[in-house]
Amino acid sequence: MSCRPAPTRPYVLLSCATSIDGYIDDASERRLLLSNSDDLDRVDAVRATCDAILVGAATVRRDDPRLLVRSAARRAERMAGGRPASPTKVTLTARGDLDPTARFFTAGDSARLVYCASGALDKARERVARLATVVDGGEPVDLGWVLADLSARGVRRLMVEGGGTVHAQFLTAGLADELHLVVAPFFVGDRRAPRFVGEGSFPWHSGRRARLAETRQIGDVVLLRYALSDRCRDA
């Protein structure tokens with residue numbers, strides 16, 4: 001399969017919560033809660049504005065997210081506008097290691113898309129083809145092509161919720177328009193734990209600073225909203 005990025009793509013909004021020292025989790029088996037109830041409601045409101053939510057396969061395995069709009073009022077508003085109750089769920093996988101019992105596949109009635117590396121396509125289809133549309137994303141998965149394909153499927157606004165590897169891929173490729181970064185008021189301090197992003201060549205550096213569009217205190221956390229492209233408008 002030849003994957004070539006197309007000029008049209010959805011508006012891409014990255015969403016992440018970290019500790020003060022930049023970790024998105026700790027090294028324990030239990031998920032680390034970085035946000036608070038008010039911020040989780042904010043995230044839910046942002047989800048409700050999107051056509052699709054994307055996470056990496058590692059996040060599906062580790063966090064087992066539902067990726068649904070939680071508020072009944074927001075679900076009703078979406079349906080009244082002719083949209084499904086929750087956005088389409090999207091994941092990326094290089095190896096096809098997906099559990100069909102994960103809540104990504106079983107929770108809610110949202111459409112589900114799996115973009116899989118060509119070499120693992122048969123494995124992914126054997127595991128989850130009855131639960132999701134499995135798409136050949138190239139070898140390796142080509143993010144530019146994935147975004148063009150999502151656009152062709154009617155996705156105009158995409159929310160990327162992680163994990164760190166996926167966030168880094170979007171950022172280093174210059175495919176992000178906006179970043180919502182929530183900072184929790186504590187440290188993790190364990191280098192075994194995953195960070196927001198790892199090493200990479202990012203478009204924003206000391207010589208080209210990202211534009212801070214908004215800061216907002218939400219209880220004991222703070223939201224930093226960065227404009228990463230000209231498509232981002234101040235709220």
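The values are calculated or read from the model by the stated rules, or taken from the named source; none is laboratory data. This structure is a prediction, so every number in the text was calculated from the model and none was measured. Backbone-built Cβ (ideal geometry, glycine too); neighbour counts: all protein chains shown. Note: accessible area is taken over every heavy atom of the protein model, side chains too, but ligands, DNA and RNA are not part of it. Shrake-Rupley method; radii C 1.70, N 1.55, O 1.52, S 1.80 Å.
Have a look at the DSSP beta bridges in the chain and tell me what percent are antiparallel, nearest 5.
35
Kindly write out, for the stretch 151-160 in residue order, the coupling ³J(HN,Hα) from the Karplus curve 6.51 cos²θ - 1.76 cosθ + 1.60 (θ = phi - 60°), rounded to whole Hz, with x marking Gly and Pro.
Once θ is set to phi - 60°, the couplings for the stretch 151-160 become 4, 5, 8, x, 7, 9, 9, 10, 9, 9 Hz.
Using Cα springs under 10 Å in a Gaussian network model of the chain, which residue among Leu92, Leu212, Leu143 shows the largest mean-square fluctuation?
Fluctuation is largest for Leu212.
From the square roots a ≥ b ≥ c of the eigenvalues of the alpha-carbon gyration tensor of the stretch 174-216, which class results: rounded (a/c under 1.5), prolate (a/b over b/c), or oblate?
Judged from the Cα gyration tensor, the stretch 174-216 comes out oblate (a/c at least 1.5, b/c at or above a/b).
Taking GluC sites (Glu not before Pro) that fall in a DSSP loop and have at most 12 other Cβ atoms within 10 Å as cut points, what is the longest piece of the chain between them?
No qualifying site falls inside 30-198, the longest such stretch.
Taking the Cα centre of the stretch 131-214 as origin and charging only Cβ (+1 Lys, Arg; -1 Asp, Glu), how large is the dipole, in debye to the nearest 20? Mind dumping the intermediate values first?
Details: 9 positive and 10 negative charges, 70 e Å.
Computed about the Cα centre, the dipole is about 340 debye.
What is the distance in Å between the Cα centres of the stretch 69-143 and the stretch 43-61?
Taking the Cα centre of each part, the stretch 69-143 and the stretch 43-61 sit 10 Å apart.
Over the chain, with every protein chain in place, what whole percent of the accessible area is carbon and sulfur at 1.4 Å, could you tell me?
Within the chain, the accessible surface is 49 percent carbon and sulfur.
Once you order the gyration tensor axes a ≥ b ≥ c over the Cα atoms, which shape class does the stretch 26-164 get: rounded for a/c under 1.5, otherwise prolate or oblate by comparing a/b with b/c?
On the way: a/c = 1.78, a/b = 1.26, b/c = 1.41.
Oblate.
Whole-Hz ³J(HN,Hα) for each residue in the stretch 33-40, computed from phi via Karplus 6.51 cos²θ - 1.76 cosθ + 1.60 with θ = phi - 60°, x for glycine and proline: what do you get?
These are the phi-based 3J(HN,Hα) values: 8, 9, 9, 10, 5, 5, 6, 4 Hz.
Please list 17-23, 163-169, 35-41 highest first by mean number of surrounding beta-carbon atoms within 10 Å per residue.
Order by mean packing, descending: 163-169, 17-23, 35-41.
Pull up all non-local amide H partners of Phe186: gap of 5 or more, or a different chain, and H-to-H distance under 5 Å with H placed in the peptide plane.
Excluding prolines and chain starts, which carry no amide H, the hits are Ile20.
For the stretch 76-226, what does the relative contact order come out to in percent, with C-alpha contacts under 8 Å and a separation of six or more?
16
Can you list the HN-Hα couplings for the stretch 50-56, worked out from phi with the Karplus curve (6.51, -1.76, 1.60; θ = phi - 60°), rounded to whole Hz and with x for Gly and Pro?
Values per residue, Gly and Pro as x: 9, 8, 8, 10, 10, 9, x Hz.
Keeping every protein chain present and rolling a 1.4 Å probe, give me the accessible area per residue for the stretch 100-235 in Å².
Per-residue value: 52 Å².
Which of Ala80, Ala45, Ala152 moves the most in a Gaussian network model of the chain with Cα springs under 10 Å?
Sorting by GNM fluctuation, first place goes to Ala80.
Using a Gaussian network for the chain with springs between C-alpha atoms less than 10 Å apart, which of these wobbles most: Gly137, Gly82, Gly219?
So, out of Gly137, Gly82, Gly219, the one fluctuating most is Gly82.
Compute the FRET efficiency between Ala72 and Ser118 as 1/(1 + (r/R0)^6), taking r as their Cβ-Cβ distance and R0 = 45 Å, and round to the nearest 0.05. Kindly include the intermediate steps, with their values, before the conclusion.
Working: r = 41 Å, r/R0 = 0.90.
The computed FRET efficiency comes out at 0.65.
List the residues, sorted by chain then number, that are 5 or more residues from Ile218 or on another chain and whose placed amide H is less than 5 Å from its amide H.
Hits under the 5 Å cutoff: Leu223.
Heavy atoms only, probe 1.4 angstrom, no DNA, RNA or ligands counted: give me Tyr11, Tyr115, Tyr226 ranked by accessible area, highest first.
So, going from the largest accessible area down, we get Tyr226, Tyr11, Tyr115.
Residues with amide H under 5 Å of Thr88's amide H, sequence separation 5 or more or different chain, H placed in the peptide plane at 1.01 Å from N; which?
Amide H neighbours of Thr88, under 5 Å, 5+ apart: Ala52, Ile53.
Could you tell me whether the chain comes out rounded, prolate or oblate from its Cα gyration tensor? Rule is a ≥ b ≥ c as square roots of the eigenvalues, rounded for a/c under 1.5, then prolate if a/b exceeds b/c, otherwise oblate.
It comes out rounded by the Cα gyration axes.
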